[in-house]
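Below is one structure, written out as structure tokens; comments come after it.
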Protein chains: 2
Amino acid sequence: MKRLLIITAALLANAAQAQQAPKPEQLIKWRQSAYQVIGWNTGRVKANVDGTYNKDDVIRAANTIAAVANGGLPSLFPASTETGKGWHDTSVKPTLFSDAAGAAAAQAAFGKEANELARVAQGGDVAAIKAQLAALQKTCKACHDDYRNSN
Amino acid sequence: MKRLLIITAALLANAAQAQQAPKPEQLIKWRQSAYQVIGWNTGRVKANVDGTYNKDDVIRAANTIAAVANGGLPSLFPASTETGKGWHDTSVKPTLFSDAAGAAAAQAAFGKEANELARVAQGGDVAAIKAQLAALQKTCKACHDDYRNSN
């Protein structure tokens, strides 16, 4: 009985560990998905401020960007994921892993501008939203230039 | 000069329209990505309540789920996307399109439970978070049973 309990406990510990340590392929798939969701929603904000503006739609889109941007993206870039395939081969440059301070600063800037976009979206001032979207996209571009292969 | 302006205006109008009407493949890719992000974050909440609990991590994960769940998923299922391929062939059942009221109710239940999880996460009561995660996952399963092919 004691042995069974020990085995069960070990299995449960393994299960918990497995849950906490997803495979590199899964992590890459998640991060590729997260950036797709960000792209979907920045496109929505842009379509609103360049075309027909809907305040609620912009708020929803900006809230989604802010949540994903600040929701733990760095945890999807552990050391085991410099190369590998999620939905497709990862586009990450090795510099993201070698330049931890720079990558953290780029991520922080992105999260900050995303939060600001969510704040500005609440106000409903289209020109201000447009300006803040541009500020956000500058942080996207900066990070892509430094840490993503253009392929 | 006038002609050039008209052509430019027409091109800009086309660009705006293109922006507002993404291709079915893109919409399917975005929705597949959105559900991956949801899966990533429900897994994070589960790992926290079953393993080592970190309040801030659960709050971030729950906020992301709530934002994506309420961020406009139905707009990624327009009539042109009953079939098609995003990252992979869509898993959606035709019933999602024929049973609009049922699909809307399933989506509303999902959004409601996701908001409740974000609320409960703030409290930091692990048992309550666990119970609410189960309530949320029940709405995931209900929707999958009715509107997603298991493949």
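Give the dimensionless ratio obtained when the Cα radius of gyration of region A:70-147 is divided by 2.2 N^0.38 Å. Don't skip to the answer; put the middle values down first.
Numbers: Rg = 14.6 Å, N = 78, 2.2 N^0.38 = 11.5 Å.
Compactness ratio reported: 1.27.
How large is the charge dipole for the protein assembly as shown, taken about the Cα centre, if only the Cβ atoms of Lys, Arg (+1) and Asp, Glu (-1) carry charge, to the nearest 20 debye?
Details: 34 positive and 24 negative charges, 28 e Å.
With Lys and Arg at +1 and Asp and Glu at -1, about 140 debye.
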* Name the residues of region A:123-150 whose amide N is less than 17 Å from a point 7 angstrom out from the Cα of A:Lys55 along the C-beta direction? -> A:123-130
* **Other copies of B:Pro78: label-to-label distances in nm, shortest first, labels 7 Å along the beta-carbon direction** => 4.0
* To do: May I ask you to report, in nm to one decimal and beginning with the shortest, the distances from A:Ala100 to the same position in the other copies, taking label points 7 Å along Cα-to-Cβ?
  => 5.3
* Asked: Can you list, shortest first and in nm, the gaps between the label point of A:Ala127 and those of its counterparts in the other copies, using a point 7 Å from Cα in the C-beta direction?
  -> 5.6
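Can you list which of the DSSP-assigned H helices in chain B have a Cα extent of 30 Å or more along the long axis and an average Kyte-Doolittle score of at least 0.0? Don't skip to the end; give the middle numbers.
Details: long enough: B:24-50 (38 Å, -0.71); B:100-123 (35 Å, 0.15); B:126-147 (31 Å, 0.05).
Once both thresholds are applied, what remains is B:100-123, B:126-147.
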* Any chance you could list P(r) for chain B, counting all Cα-Cα pairs in 10 angstrom bins from zero, rounded to whole %? => 11, 34, 27, 17, 8, 4, 1
* When Lys and Arg each count +1 and Asp and Glu each count -1, what net charge do the other residues less than 14 Å away from A:Glu113, Cβ to Cβ, add up to? -> +4
* Using a 10 Å cut-off on Cβ atoms, rank the peptides A:90-98, A:56-64, B:60-68 from the highest mean neighbour count down. => B:60-68, A:56-64, A:90-98
* In Å, what is the Rg of the alpha-carbon atoms in the protein assembly as shown, and how long is Dmax? -> 20.7, 90
* Structure fact -> Of the residues A:Ala21, A:Ala66, B:Ala128, the Cα lying farthest along the dipole of the protein assembly as shown towards its positive end, which is defined by charges on the beta carbon of Lys, Arg, Asp and Glu, belongs to A:Ala21
* Give, as a single signed number, the net charge of other residues whose beta carbon lies under 12 Å from the beta carbon of B:Thr64, with Lys and Arg counted +1 and Asp and Glu -1. => +1
* To do: Beyond 31 Å between alpha-carbons counts as too far, so tell me which of A:Lys138/B:Lys29; A:Lys93/B:Lys130; A:Lys141/B:Lys130; A:Lys46/B:Lys55; A:Lys112/B:Lys93 fall in that bin.
  => A:Lys93/B:Lys130; A:Lys141/B:Lys130; A:Lys46/B:Lys55; A:Lys112/B:Lys93
* Could you please state, rounded to a whole Å, how far the C-alpha centre of region A:64-101 is from the C-alpha centre of region B:25-77? => 17 Å
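Every number here is computed from the coordinates shown, using simple stated rules; none is lab data. None of these values were measured; they are calculated from a predicted model. FYI the Cβ positions are ideal-geometry reconstructions off the backbone, even for glycines, and counts take in every protein chain you see.
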